[in-house]
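Shown next, in structure tokens, is the structure this report addresses.
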Amino acid sequence: MPTTLISPRARRWWTLAVLSVAQLMVALDATVINIALPRAQLDLSFSSANRQWLISAYALAFGSLLLLGGRLSDLWGRRNALVIGLTGFAAASAVGGAAGNFTTLVSARAVQGMFGALLAPAALAALTVTFREPRERAKAFAIFGAVGASGAAIGLLLGGALTQWSSWRWCLFINLFFAALALVGVMLFVAGGRSRHHTKLDVLGAVVASGGLFLVVYGFSHAVTTSWSNDRTWGSLVVGGFLLVVFVRWEQQSKYPLLPLRIVLNRTRAGSLVSLFITSIGIFGISLFLAYYLQVTMGFSPMRTGVAFLPLVGAIALSAGVASARLLAKVGPRPLVPVGMVLSMMGMILFTRLPANSDYFGSVLPGLVVTGLGLGLIFAPAIASATSAIKHRDAGAASALVNTTQQIGGSVGTALLNTIAVSVAVRALSSLSSSQVSVLSETHATLHGYHVAFWWAAGFFGVGAIVTFFMLESGVPEFEGDVVPLI
């Protein structure tokens, strides 16, 4: 059917479907290769010390270039940015899937992250300026938020299925399908969305911000494989933090700021960003530790591990699709996000009781369902509130800030929780004599590390409940526009 015959309302929902596909591709690519790593390592013969770079290369490029990507989507137009991002992401995926050596594969992952940094904020910005009516907007962001929150779990499921039934290379080749589908949809349904306001790219701000974010993400990634006391770890964090301070001072006087500081001065928006940061820390505890627990402790296959995460995806979709879509337009984010934090905290506490010999339905499933219900209440309202009342010319920058907050939170969560779990397990084993150390004691020590990490994650969600209750304002966020309607 020609798009000219589609009603404006139907066009908006088709736009949401297209953007959700693009968002899913970017979100799941952060984890889809995780389960495939052992077979990729065997096939390409790279060391265990190097395997972390297949994850870190994507995270480094993605996290450090998000602010630049968001501003470019404002300058080039959302549709142009989406087309470029999808094409580049697909090309990098094809190269990575066909890689004959480690260097090619890790380089392809970095290029994926680079184009993902353009794609992710452009998709969220397009959604932001497409839905204006509060009730429709709440439903749209509930769906979009559920897709984003479920991406990590779906990536584990898809990665397990493709690795077990085909080849690890299809964990990358599958992106060609997603990208082709999204590209067709973008050309048919997504409006350009270029701002009427004449602006230029803040080159110095882009360099300083990208450098600062790169070093911060690198520092946290480096801590995973070394320690917090390692010179390169804390040196990267200190220099990265200093560059971000310089960036903020520069943005205060720049005529064409990369990140207009007016975006972060709104109280509800700031509270929403805090909630996304804290939630991203906690959610990595689920995908990281549970994936190891299910495969190593319970002996699940890669495919069965992926299937085991489906209740989390279902709970997120139910919570975001039913509760958030119906309540956000009526009560705003304040009652929803803190309640979601409390539920997520309860889910983490349930995981602190994981035993060495357990049944999935009695020990794992309850935590997945409770946590998923909480995450659905957080992501959709927080993302919608973080991008509300944004002028069209700043939609890309605001969307990039949302993605950057989640990316940095994920990096912090991976490094902090993994370091806690490993250090606790090592201390538990070191307290035993050599004659006492056995496979059973190593399993219990590892589980003790997981338990302590889950308690920390529960603490983050508890703090998040308090902080968001006081930061978020009551009432429904307003949408503000300053350009001719796009649809």
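The values are calculated or read from the model by the stated rules, or taken from the named source; none is laboratory data. Since the structure is predicted, the reported quantities are computational estimates derived from the model, not experimental observations. As a convention, Cβ positions derive from the backbone with ideal geometry for all residues, glycine included, and neighbour counts pool all protein chains shown.
Here are the numbers:
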| item | result |
| --- | --- |
| Checklist (1) at pLDDT 85 or above; (2) of a type in the set (Gly, Ala, Ser); (3) in a helix (DSSP H, G or I) applied to Gly70, failing item | (1) |
| The range 171-182 - residue that is among the hydrophobic types (A, V, I, L, M, F, W, C) and surrounded by 19 or more Cβ atoms within 10 Å (Cβ to Cβ) and, of those, nearest to Pro38 (Cα to Cα) | Cys171 |
| Count - residues of the range 134-148 that are closer than 20 Å to Gly396 by Cα and either without any contact (Cβ under 8 Å) to a residue 12 or more places away in the chain or within 16 Å of the chain's Cα centre (by Cα) (or both) | 7 |
| Given (1) in the same structural domain as Ala161 (by TED's automatic domain parsing); (2) closer than 22 Å to Ser73 by Cβ, index of the condition Trp250 fails | (1) |
| Considering residues of the range 132-146 that are at pLDDT 80 or above and crowded, with 24+ Cβ neighbours inside 10 Å only, the residue farthest from Ala206 (Cα to Cα) | Ala140 |
| Output for the range 248-282, where each listed residue is surrounded by fewer than 19 Cβ atoms within 10 Å (Cβ to Cβ) and closer than 25 Å to Gly413 by Cα | Val248, Val264, Arg267, Ala270 |
| Count of the range 38-54 residues which are touching a residue at least 40 places away in the same chain (Cβ under 8 Å) and assigned to a helix (DSSP H, G or I) | 6 |
| Verdict on Ala61 being in a helix (DSSP H, G or I), at pLDDT 85 or above and under 25 Å from Lys391 (Cα atoms) | no |
| Every pair of residues 6+ apart whose Cβ atoms lie under 6 Å, when the first sits in the range 182-206 and is under 19 Å from Leu401 (Cα atoms) and modelled with pLDDT of 85 or more while the second is in a helix (DSSP H, G or I) and among the aliphatic types (A, V, I, L, M) | Ala206/Leu68 |
| First in the range 91-106 and free of Cβ contacts under 8 Å to residues at least 12 places away in the same chain, second anywhere and of a type outside the set (Phe, Trp, Tyr), Cβ under 7 Å, 6 or more apart | Thr104/Val95 |
| Looking only at the range 199-238, and only at residues there that are aromatic (Phe, Trp, Tyr) and surrounded by fewer than 21 Cβ atoms within 10 Å (Cβ to Cβ), the one that is nearest to Tyr58 (Cα to Cα) | Phe214 |
| Matching option when the condition is at pLDDT below 85, buried (at least 17 other Cβ atoms within 10 Å of the Cβ), of a type in the set (Ser, Thr, Tyr) and not assigned by TED's automatic domain parsing to the domain that holds Ala223, among Ser431, Ser438, Ser411 | Ser411 |
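Residue-wise test of (1) surrounded by 17 or more Cβ atoms within 10 Å (Cβ to Cβ); (2) touching a strand residue (DSSP E or B) at 6+ places or on another chain (Cβ under 7 Å); (3) within 24 Å of Gly306 (Cα to Cα).
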| residue | (1), (2), (3) |
| --- | --- |
| Ala99 | yes, no, no |
| Thr103 | no, no, no |
| Phe115 | yes, no, no |
| Thr128 | yes, no, no |
| Ser150 | yes, no, yes |
| Ile154 | yes, no, yes |
| Gly160 | yes, no, yes |
| Trp165 | no, no, yes |
| Val184 | no, no, no |
